[in-house]
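The values are calculated or read from the model by the stated rules, or taken from the named source; none is laboratory data. If you're wondering where the values come from, they're calculated on a predicted model, not measured in any experiment. Glycine also receives a Cβ, built like all others from the backbone with ideal geometry; neighbour counts cover every protein chain displayed.
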Amino acid sequence: MKAVHADQSLARVAAAPGRWDQTRDTACTGPWGVAWLPPVGIRPGKKEQESWYFARSIAMAQAPGCVAGPERCEEVPPEYWLGVCQGQEAAAARATAAPAEVPGVLESYPILALPEFPAALEALAEQPGAPGAAEAGRACAEQLRAWQARRRAEDQPGYADWLGDCAITLSQEYRQDPQVNVWKAIELFRQAASLFTPDSSGFAHCLLNEGSARRSLAGLGVEPRDNLDRAVALYEQARRLFPPDSLSFARCMMNEGSARCSLAEL
């Protein structure tokens, strides 16, 4: 009998065909008001998947009682993060990467910067799969935690950029619960900003990106006036830190103008 390498067994669990179509129910009424994935039995192609998720995100934004605050991020289980930003693909890639390939994998999948992702790997490993998957999952999770901690300790600017990339990816993710994704992105932008000096371009970019995330929240129906007001303030603060002839300065002005137009329409 051919031996199965532990990391390979975990990768099989992460990338098993048809896993993505499992859900707790067949309607948009999961434990946080949404179903995790498309209805059971549906196996559409990539375009159909994206259309389904996008249509659901629009419906969620318009549904009464679906507006939630940042505390919603604390309510989702660890495995939630496997369903966003290529989470399962990232788990499989991390599990099969040779030591020399790990840095490249971490950069290719920004979701691996998420502090909650090691717990997602542990949750994945507890699901039925090939022999050795649970042990491999725990080991992979601990390795990722160690890598995150080491990078933060040894390269704060690089770690902040990594968090920022993760936040940008989440802020643009309409799978699962868009509100959860954007709130988590805002949290990560703030964490990244805390690692830059307040007069740096890195800090300014965090402010700029948080402003855009706030506009996304407003578009999802989450306290539109408050979030648009905050977006305007963030754009103004970021603009003062960029050279007047820079593209980032112009982007701040353009985004601020769009946010003010949205405020005028309320």
Conditions first: (1) crowded, with 16+ Cβ neighbours inside 10 Å; (2) not in a helix (DSSP H, G or I). Ala123 passes all but one, so which condition is the exception? (2)
Scan the stretch 194-213 and tell me whether some residue there is over 20 Å from Glu256 (Cβ atoms) and of a type in the set (A, V, I, L, M). yes
Got a sec? Which helices (runs of 4 or more DSSP H) wholly within the stretch 173-266 have at least 1 residues that are over 22 Å from Glu116 (Cα atoms) and not small (Gly, Ala, Ser)? 201-219, 224-239, 247-265
Among the numbered criteria (1) buried (at least 23 other Cβ atoms within 10 Å of the Cβ); (2) under 30 Å from Asp155 (Cβ atoms), which single criterion is violated by Gln179? (2)
Residue that is nearest to Gln148 (Cα to Cα), among those in the stretch 90-111 that are surrounded by fewer than 16 Cβ atoms within 10 Å (Cβ to Cβ) and under 16 Å from the mean Cα position of the chain (by Cα): Glu107
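Could you run through the stretch 133-176 and say how many residues are in contact (Cβ under 8 Å) with a residue 60 or more places away in the chain, aliphatic (A, V, I, L, M) and either closer than 27 Å to Phe196 by Cα or surrounded by fewer than 19 Cβ atoms within 10 Å (Cβ to Cβ) (or both)?
In the first step, residues of the stretch 133-176 are kept if they are in contact (Cβ under 8 Å) with a residue 60 or more places away in the chain; the result is 133, 135-137, 139-140, 166, 169-170, 173-176.
With aliphatic (A, V, I, L, M) added as a condition, the list becomes 133, 136, 139, 170.
With the extra rule that they be either closer than 27 Å to Phe196 by Cα or surrounded by fewer than 19 Cβ atoms within 10 Å (Cβ to Cβ) (or both), the set shrinks to 139, 170.
Total meeting the criteria: 2.
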Cβ contacts < 8 Å: first residue more than 14 Å from Gly211 (Cα to Cα), restricted to the stretch 233-248; second residue part of a loop (DSSP other than H, G, I, E, B), any location; separation 6+ or different chain. Result? Leu241/Asp199; Leu241/Ser200
Those residues of the stretch 246-266 that are modelled with pLDDT under 95 and acidic (Asp, Glu) come to a total of 1
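Does any residue of the stretch 90-105 turn out to be within 18 Å of Gln172 (Cβ to Cβ), modelled with pLDDT under 85 and in a helix (DSSP H, G or I)?
First pass over the stretch 90-105, keeping only residues within 18 Å of Gln172 (Cβ to Cβ): 90.
Filter once more, so that each one left must be modelled with pLDDT under 85: none.
Taking every residue of the stretch 90-105 in turn, none turns out to be within 18 Å of Gln172 (Cβ to Cβ), modelled with pLDDT under 85 and in a helix (DSSP H, G or I).
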